[in-house]
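Peer 1: Handing you this structure, nothing more for now.
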Amino acid sequence: MTRYVQHGLKVKSKPDEIARQNFMLNMRSYVMLDMAMGMKKIYDNNIEPNFKKLNKRKPKNGDEIHKTIKKDTYFKFYSSIRCNAQEMVFRSVIPPIERSMIDLKKKAKKLSTSKKANGSLKIDKKLTIPKSVSALDVHLMPGCYHSEHSENDLTQGALYDNGVSVFSMGFFGEKLDDIGSSISLFIKKKYPKFKPVRILDLGCTVGHNTLPWNKVYPKAEIHAVDVGAPVLRYGHARAQSEGISVHFHQQNAEKTNFENNSFDLVFSSMFLHEVPKKGIKQIIREAKRLLKPGGLMLHMELPPNKMLDAYNSFYLDWDSYYNKEPYYKTFRDMIPEKVCSEAGFSKNKFVQFIIPSIGQFGEEEIIKSVNSQNGNVDDRTGRFTKGIHWYCFGSWK
Amino acid sequence: MSENDNKLRYSVRGKKSRFFESDGVDELVSICMSIAQELWVVKEELALLKNLTLEKGLLTKKELENFKFTVKQKTELDNENKDFIDRVFFTLRESVESVDSNHDEPNPPPIP
Ligand SMILES: C[S@@+](CC[C@H](N)C(=O)[O-])C[C@H]1O[C@@H](n2cnc3c(N)ncnc32)[C@H](O)[C@@H]1O
């Protein structure tokens, strides 16, 4: 098993596999923390001064920094080690998953009728998988979210869950749900009168950040959609094993089959940046259609470029260039207020928050942050680093 | 797609990012990282065995120093060593197999 996958679908790793996973966790922490700091030093001491000498000004944006830093040897090592580490993370969890493929299917079947929870799963075999998922291995995960290796397969879900467990280096918490846990608690404290009865999570993958909404709103009916069948099958079994009722649907978030005005809260996390611009706009319009009047749409995302200085923009855009995240930068160049208002939300109903991670700061700090939102994004926002904060935006209907 | 076809995809589809102008350096980084990882496995497993054998009083230092593998053990170890090398140098084989249009996906290296 990997460190943070301890529910009913955990797979057994042998000691050498665990060592390989441990190495990847530490190697990632080396590149994401130590080498990232090293690169900033090189930027401050060499790259920026040289740029200024040549151009008589500082770089204007992330693009300009990228063009310059690309020639630097340290950047090359940082980038090539980071790419390799990303691939090796997934490879480190493949063998135990392959050994457990049939067993996982059996366990999932049993869990789906478990008395611990009353969730459901609706697979739509006819659904067309969008090109943004089917045409590439997003963030270097071989087979992406949708590949099926056999009938009723759920292994890509296992690959994602165990991969993220190694990849996130502990920043996502024991159940890989830090984002959902932090944000749901924040919303409950910020809007004590808001009591959603029906909640929808878009692009839920295996439901890491869907489940925590049940903790703060235990009476709410929770639905979640994704286009990937294997991740949904896995997510359903995982939720059942955790004793949380969630209704998973294989649907495209751009055009769901739920009724108008049928949800109080439409949420997503780390979803929009994997969708092309046209799709993002359509998803926001769809969210508006689905929300009841007085309902809330909320998307946890990477902070937009306009809230960041040039270096941090460059740093976050790295994924767009090298991590098979081609829509990442287009999303981050968009202006959230504008995206919401263009979809028909009132300008004065727009919200955005920067919320401390519950795992690193604890509940108290989240409660404090309810009244101390200053709108400042910094190099701890959306980045695996000490003092991580989550950015989210959305609108009331 | 069959129940027995229990293989996940090992290689990422599409073009790899390249960073170095000098030929081969990108591959060398991959190789170095794999070596480092495998070396770590050895260290972690050795630590496990050492702690276990000492805890149980199963071995003395002297016994460890004088040990010799049997022929069978040696053959097994040689085979494992070959797999080990394939794993460490996978990036090179991968680059060969990916230019072969008959191969949609390079064969993953043997993993113990
Ligand atoms: C990075 S993952 C989201 C992670 C997840 N929300 C979490 O917090 O753990 C992106 C997900 O979006 C899904 N996806 C991409 N395009 C979609 C669409 N148009 N409709 C529904 N899901 C989509 C992918 O299949 C993938 O599972």
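Peer 1: Quick one: which of A:Pro303, A:Pro293 is over 30 Å from B:Leu8 (Cβ atoms), crowded, with 24+ Cβ neighbours inside 10 Å and more than 15 Å from the ligand (Cβ to nearest atom)?
Peer 2: A:Pro303
Peer 1: Restricting to region A:84-116, count the residues that are aliphatic (A, V, I, L, M) and more than 8 Å from every other protein chain (Cβ to nearest Cβ).
Peer 2: 5
Peer 1: May I pose another question? Check whether at least one residue in region A:328-348 is more than 16 Å from the chain's Cα centre (by Cα), open to solvent by less than 30 Å² (accessible area, probe 1.4 Å) and aromatic (Phe, Trp, Tyr), and report yes or no.
Peer 2: Checked against the condition, which is being more than 16 Å from the chain's Cα centre (by Cα), open to solvent by less than 30 Å² (accessible area, probe 1.4 Å) and aromatic (Phe, Trp, Tyr), region A:328-348 yields at least one hit.
Peer 1: Could you please tell me which pairs satisfy a Cβ distance under 6 Å, a separation of 6+ or placement on different chains, a first residue in region A:331-342 that is closer than 11 Å to A:Ile284 by Cα, and a second residue that is among the hydrophobic types (A, V, I, L, M, F, W, C)?
Peer 2: A:Pro336/A:Phe393; A:Val339/A:Ile284; A:Cys340/A:Phe350
Peer 1: Residues that are under 21 Å from A:Asp16 (Cα atoms), within 12 Å of chain A (Cβ to nearest Cβ) and out of contact with any Lys or Arg (no Cβ under 9 Å at 6 or more places or on another chain): does region B:62-79 have at least one?
Peer 2: no
Results for (1) of a type in the set (Val, Ile, Thr); (2) within 12 Å of the ligand (Cβ to nearest atom); (3) more than 14 Å from chain B (Cβ to nearest Cβ); (4) surrounded by fewer than 24 Cβ atoms within 10 Å (Cβ to Cβ), shown as yes or no for each residue.
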site	(1), (2), (3), (4)
A:Gly163	no, yes, no, no
A:Ser168	no, yes, yes, yes
A:Lys190	no, no, yes, yes
A:Arg198	no, no, yes, yes
A:Cys204	no, yes, yes, no
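Peer 1: Which condition from (1) within 12 Å of the ligand (Cβ to nearest atom); (2) modelled with pLDDT of 95 or more is the one that A:Asn323 breaks?
Peer 2: (2)
Peer 1: Which members of region A:288-333 meet the condition of being among the acidic types (Asp, Glu) and within 18 Å of A:Ile69 (Cα to Cα)?
Peer 2: A:Asp309, A:Asp317, A:Asp319
Quick grid of which residues meet (1) over 22 Å from A:Arg82 (Cα atoms); (2) within 14 Å of chain B (Cβ to nearest Cβ):
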site: A:Phe248; (1), (2): yes, no
site: A:Gln251; (1), (2): yes, no
site: A:Glu259; (1), (2): yes, no
site: A:Ser262; (1), (2): yes, no
site: A:Leu265; (1), (2): yes, no
site: A:Ile283; (1), (2): yes, no
site: A:Tyr315; (1), (2): no, no
site: A:Tyr322; (1), (2): no, yes
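Peer 1: Please work out if A:Leu121 is under 25 Å from the mean Cα position of the chain (by Cα), within 16 Å of the ligand (Cβ to nearest atom) and open to solvent by 50 Å² or more (accessible area, probe 1.4 Å).
Peer 2: Here the answer is yes, as A:Leu121 does meet what is asked.
Peer 1: Then there's this: Restricted to region A:124-161, and to residues that are in contact with a Cys (Cβ under 8 Å, 6 or more places away or on another chain) and within 24 Å of A:Leu211 (Cβ to Cβ), which residue is surrounded by the most Cβ atoms within 10 Å (Cβ to Cβ)?
Peer 2: A:Gln156
Peer 1: Where the second residue is among the aliphatic types (A, V, I, L, M) and the first is without any contact (Cβ under 8 Å) to a residue 40 or more places away in the chain and lies in region B:62-89, which pairs have Cβ atoms under 7 Å and are six or more apart or on separate chains?
Peer 2: Final answer for the pair search is B:Phe69/B:Leu77.
Peer 1: Here's a follow-up. So which residues in region A:206-235 are within 25 Å of A:Ser369 (Cβ to Cβ) and crowded, with 24+ Cβ neighbours inside 10 Å?
Peer 2: Passing the criteria: A:His208, A:Asn209, A:Thr210, A:Leu211, A:Trp213, A:Ile222.
Peer 1: Sort out which residues of region A:41-65 are within 14 Å of A:Asp309 (Cβ to Cβ) and in a helix (DSSP H, G or I), and write them in order of number.
Peer 2: Across region A:41-65, the qualifying residues are A:Tyr43, A:Asp44, A:Glu48, A:Gly62, A:Asp63, A:Glu64, A:Ile65.
Per-residue answers, yes or no, for (1) open to solvent by less than 50 Å² (accessible area, probe 1.4 Å); (2) at negative phi; (3) not polar (S, T, N, Q):
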position	(1), (2), (3)
A:His7	yes, yes, yes
A:Lys10	no, yes, yes
A:Gln21	yes, yes, no
A:Tyr30	no, yes, yes
A:Gly38	yes, yes, yes
A:Ile42	yes, yes, yes
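Peer 1: Of everything in region A:209-246, what is touching a Gly at 6+ places or on another chain (Cβ under 6 Å), over 17 Å from A:Gln6 (Cα atoms) and away from the ligand (no atom under 12 Å from the Cβ)? Give them in sequence order.
Peer 2: Those that are touching a Gly at 6+ places or on another chain (Cβ under 6 Å), over 17 Å from A:Gln6 (Cα atoms) and away from the ligand (no atom under 12 Å from the Cβ): A:Ser245, A:Val246.
Peer 1: Next question, about the same structure. Would you mind stating whether B:Asn51 is free of Cβ contacts under 8 Å to residues at least 12 places away in the same chain, of a type in the set (S, T, N, Q) and in contact with a His (Cβ under 8 Å, 6 or more places away or on another chain)?
Peer 2: no
Peer 1: Does region A:55-83 hold any residues that are in contact (Cβ under 8 Å) with a residue 24 or more places away in the chain, more than 27 Å from the chain's Cα centre (by Cα) and within 14 Å of chain B (Cβ to nearest Cβ), and which are they?
Peer 2: A:Ile69, A:Asp72, A:Tyr74
Peer 1: Okay, moving on. Test of understanding: among B:Ser34, B:Ser30, which residue is small (Gly, Ala, Ser), within 11 Å of chain A (Cβ to nearest Cβ) and in contact with a Lys or Arg (Cβ under 7 Å, 6 or more places away or on another chain)?
Peer 2: The match here is B:Ser34.
Peer 1: Working carefully through the options A:Phe258, A:Phe248, A:Phe271, find the one that is crowded, with 23+ Cβ neighbours inside 10 Å and not polar (S, T, N, Q).
Peer 2: Result of the check over A:Phe258, A:Phe248, A:Phe271: A:Phe248.
Peer 1: Just one of A:Val5, A:Val31 is under 22 Å from the mean Cα position of the chain (by Cα) and in a helix (DSSP H, G or I); which is it?
Peer 2: A:Val31
Peer 1: Would you confirm whether or not region A:104-113 contains a residue that is open to solvent by less than 30 Å² (accessible area, probe 1.4 Å) and within 11 Å of the ligand (Cβ to nearest atom)?
Peer 2: Taking every residue of region A:104-113 in turn, none turns out to be open to solvent by less than 30 Å² (accessible area, probe 1.4 Å) and within 11 Å of the ligand (Cβ to nearest atom).
Peer 1: Return yes or no: is A:Ala135 out of contact with any Ser or Thr (no Cβ under 7 Å at 6 or more places or on another chain) and either more than 13 Å from every other protein chain (Cβ to nearest Cβ) or at pLDDT 95 or above (or both)?
Peer 2: no
The values are calculated or read from the model by the stated rules, or taken from the named source; none is laboratory data. Please read all numbers here as calculations on a predicted model, not as lab measurements. We place every Cβ from the backbone using ideal geometry, glycine too, and count neighbours over all the protein chains shown. Each accessible area value is taken on the protein alone, full model and side chains, heavy atoms only, with ligands, DNA and RNA left out. Shrake-Rupley method; radii C 1.70, N 1.55, O 1.52, S 1.80 Å.
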